[in-house]
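The values are calculated or read from the model by the stated rules, or taken from the named source; none is laboratory data. These numbers were taken from a predicted model, which means no experiment stands behind them. Backbone-built Cβ (ideal geometry, glycine too); neighbour counts: all protein chains shown.
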DNA sequence: TTGACATATTCCCATATGGGTATATAATAT
DNA sequence: ATATTATATACCCATATGGGAATATGTCAA
């Protein structure tokens, strides 16, 4: 089965740093491909191909206007990532110190896995 | 160059749903492999291999205790993901409606890209 | 029609993947 | 020494990747 396709979900799509950069450049704006190309300095086919992935996975939407195609971020599709990672926030913040952790663990260990050291 | 290795950074490591599940199961606890295996019901080698990736990328740390290896989440390594995705939060919240977007765009368009429809 | 512009698509290739199965290593118990 | 438990590693394979270069498609202008 190999690795899941990049178009399988936002997590996979966004694993590629270039695609993150594109989303950053877009931000809240709607931009044509050539402006993204200009902003990033990459070959145009490269930008188009990454945009195609982002579009297929729903992270951007495309609108045609004359010869240009205007892309915009579909932020709701990033929410699953935020929702998944946000709960871990408490573990790196100042509110979470080793001591609390240890105390919490000691209480549970009474009827838990044996751990000899 | 193909896709960047899964061990290249947290984004790539976490793109695999099974690895996310492992991190969820771990949560704030320190668990031996067999408990993770039991919790998820996957073949042990599969769990070990995913743990190896998570460890190499720094998302978990390992401690040996007797014959077991105890794993714990290294939450700080998830912070880059949070930091990247969090700024987009404002775009899916109630505070960001289409109207604001359109008005903002109209003002800029005066000296911007020509968009005919 | 012809040309210029904006963007997408095709072709090629080295590379790492995740799953399965089998086996290796390490530590403890008998 | 040997068996058992806990975990890691090796091997095989189908598959999609991202980059580069070339080319196709689509739209407007003269």
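A few comments on the model shown:
- Screening the stretch A:1-79 for helices (runs of 4 or more DSSP H) wholly inside it with 3 or more residues that are over 19 Å from residue B:85 (Cα atoms) returns the ranges A:33-40, A:44-56.
- Of everything in the stretch A:49-69 that is within 9 Å of DNA strand D (Cβ to nearest atom) and loosely packed, with under 14 Cβ neighbours inside 10 Å, the residue that is farthest from residue A:31 (Cα to Cα) is A:49.
- Meets criteria (closer than 28 Å to residue B:13 by Cβ, at pLDDT below 95 and touching a helix residue (DSSP H, G or I) at 6+ places or on another chain (Cβ under 8 Å)) for residue A:89: yes
- Any chance residue A:109 is modelled with pLDDT under 50, within 17 Å of residue B:72 (Cβ to Cβ) and surrounded by 10 or more Cβ atoms within 10 Å (Cβ to Cβ): yes
- Residue satisfying condition, being surrounded by fewer than 17 Cβ atoms within 10 Å (Cβ to Cβ) and closer than 29 Å to residue A:23 by Cα, within set B:41, B:93, B:27: B:93
- Any hit, the stretch A:57-65, residues being within 20 Å of residue B:89 (Cα to Cα), more than 10 Å from DNA strand C (Cβ to nearest atom), modelled with pLDDT of 95 or more and over 14 Å from the mean Cα position of the chain (by Cα): yes
- Selection status of residue A:43, closer than 21 Å to residue B:3 by Cβ and away from DNA strand C (no atom under 15 Å from the Cβ): no
- In summary, residue A:76 fulfils each of the numbered conditions (1) within 12 Å of chain B (Cβ to nearest Cβ); (2) more than 14 Å from the chain's Cα centre (by Cα) with the single exception of condition (2).
- Residues that are more than 9 Å from chain A (Cβ to nearest Cβ) and more than 13 Å from residue B:72 (Cβ to Cβ) within the stretch B:9-32 comprise B:10, B:18, B:19, B:21, listed in sequence order.
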